[in-house]
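Colleague: Before we start, here is the structure in question, set down as structure tokens.
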Amino acid sequence: MDNKLQTSYTTEQTYHSIRHSIVSAQRSLSMAVNSAMVTAYWEIGEQIYKACGENDRAGYGKKLLQYLSVHLTAEFGKGFDESNLRKMRQFYCAYPIRDTLCPELSWSHYRLLMRVPNEKERAFYAEECAKSAWSVRQLERQIRTMYYQRIVASQDKSLVAAEIQTTEPKPEYEKIIKDPYVMEFLQIQPDTHVYEDELEQALIDHLQHFLLELGRGFSFVARQKKFTLDGQSFFIDLVFYNYILKCFVLIDLKMGQLTHQDLGQMQMYVNYYTRELMNEGDTPPIGIVLCADKSDAVVKYTLPEDNHQIFASKYFTYLPTEEELKRELRLDEFHKLEE
């Protein structure tokens, strides 16, 4: 064999050998972390269930979850809000016998499995998922396309079982670092939000100070507030609580042209806060979408649909007006461009 070809072959062989070692190590690490996470969340769910009983949304159960959420989040990060704690309790209720848990399945797998109401069907998917080493996306597709019903009714079960590799091929390997639940569990702080440019950073800084200095009941809650739905992470630029209105105020800044998708996303944020984070006695959250470009500053208020007429006048009494927000956006933009 030609020396150049031999060298090239050896180099390629060495690369693939090293790559195999890295991927194998990542798989081993992924299995270990996921197994530890599933066990921990099952134990948390068991303890919450034993403490608050059948109903976690009334009386002591609700107070317990609020207390746990505040203290666990302060110590261990964002993975322990009330919504996630309820899912852990649900996890224990769905799998009350610890020995029935599959070490091959991740928390992301179990979150999907818990949506399957039929116990027999849920057990089937768990067994098949572990046996066939389905990825999370493969399991999601199998559930969505009613694989259980199709396999039961099919004459050629092997053909039905094999089709997933064509319709939703499994990735060669899944990087553990990309799983938001793993990152939360390990308390890894991702570089989650990259600003389009320094102007956006400056505008958000300015808006935060402006609203706090406005003197209309604003209290700062979070910046780049992260929440995760089915493995997908979302970030709200600014979150305030207005203690006069008794509601959350969510603000998103868009540097380009404002689109209906931007408004739809804010409505989703408002819906999430309404269903998951509103406290007793709160009024529904309000979302504000800001578009700041060099030609114009557009302000859109996104109010919960059912409460628009009831709360609109009260909201606008304490919120900054469109003109105030436009002026602040343009002012900060002007100063930034002068630098």
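Colleague: In the stretch 77-91, how many are in contact with a Phe, Trp or Tyr (Cβ under 9 Å, 6 or more places away or on another chain), open to solvent by less than 30 Å² (accessible area, probe 1.4 Å) and farther than 16 Å from A123 by Cβ?
Modeller: The number of residues fulfilling the criteria is 6.
Colleague: Here is a follow-up. Tell me whether the stretch 4-24 contains one or more residues that are part of a helix (DSSP H, G or I), in contact with a helix residue (DSSP H, G or I) (Cβ under 9 Å, 6 or more places away or on another chain) and at pLDDT 80 or above. Show your work before the answer.
Modeller: Within the stretch 4-24, the first condition is being part of a helix (DSSP H, G or I), and the residues that meet it are 4-24.
Narrowing further to those that are in contact with a helix residue (DSSP H, G or I) (Cβ under 9 Å, 6 or more places away or on another chain): none.
No - not one qualifying residue is present in the stretch 4-24.
Residue-by-condition table, conditions (1) touching a Cys at 6+ places or on another chain (Cβ under 7 Å); (2) at negative phi; (3) of a type in the set (D, E, K, R):
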{"residue": "R98", "(1), (2), (3)": "no, yes, yes"}
{"residue": "H109", "(1), (2), (3)": "yes, yes, no"}
{"residue": "L113", "(1), (2), (3)": "no, yes, no"}
{"residue": "K120", "(1), (2), (3)": "no, yes, yes"}
{"residue": "Y147", "(1), (2), (3)": "no, yes, no"}
{"residue": "Q155", "(1), (2), (3)": "no, yes, no"}
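Colleague: Give the stretch 148-180 a look and list any residue that's at pLDDT 75 or above and touching a Lys or Arg at 6+ places or on another chain (Cβ under 8 Å), or say none.
Modeller: Those that are at pLDDT 75 or above and touching a Lys or Arg at 6+ places or on another chain (Cβ under 8 Å): I151, V160, I164, T167, E168.
Colleague: While we're looking at this one, here's another question. Name, by its number, the condition in (1) crowded, with 19+ Cβ neighbours inside 10 Å; (2) out of contact with any Phe, Trp or Tyr (no Cβ under 6 Å at 6 or more places or on another chain) that does not hold for K131.
Modeller: Result: K131 fails condition (1) only.
Colleague: Before we move on, is N271 in a helix (DSSP H, G or I) and of a type in the set (S, T, N, Q)?
Modeller: yes
Colleague: Here is a check on your reading of the model: is M1 modelled with pLDDT under 80 and either surrounded by fewer than 18 Cβ atoms within 10 Å (Cβ to Cβ) or outside any loop (DSSP other than H, G, I, E, B) (or both)?
Modeller: yes
Colleague: Does F248 count as out of contact with any His (no Cβ under 9 Å at 6 or more places or on another chain), in a strand (DSSP E or B) and crowded, with 17+ Cβ neighbours inside 10 Å?
Modeller: yes
Colleague: Considering each residue of the stretch 228-244, count those that are open to solvent by less than 30 Å² (accessible area, probe 1.4 Å) and over 24 Å from D205 (Cβ atoms), and give that number.
Modeller: Summing the residues that are open to solvent by less than 30 Å² (accessible area, probe 1.4 Å) and over 24 Å from D205 (Cβ atoms) in the stretch 228-244 gives 1.
The values are calculated or read from the model by the stated rules, or taken from the named source; none is laboratory data. What you see is a predicted model; the values in this text were computed from it and never measured. Glycine also receives a Cβ, built like all others from the backbone with ideal geometry; neighbour counts cover every protein chain displayed. The accessibility values were calculated without ligands, DNA or RNA, using every heavy atom of the protein model including side chains. Shrake-Rupley method; radii C 1.70, N 1.55, O 1.52, S 1.80 Å.
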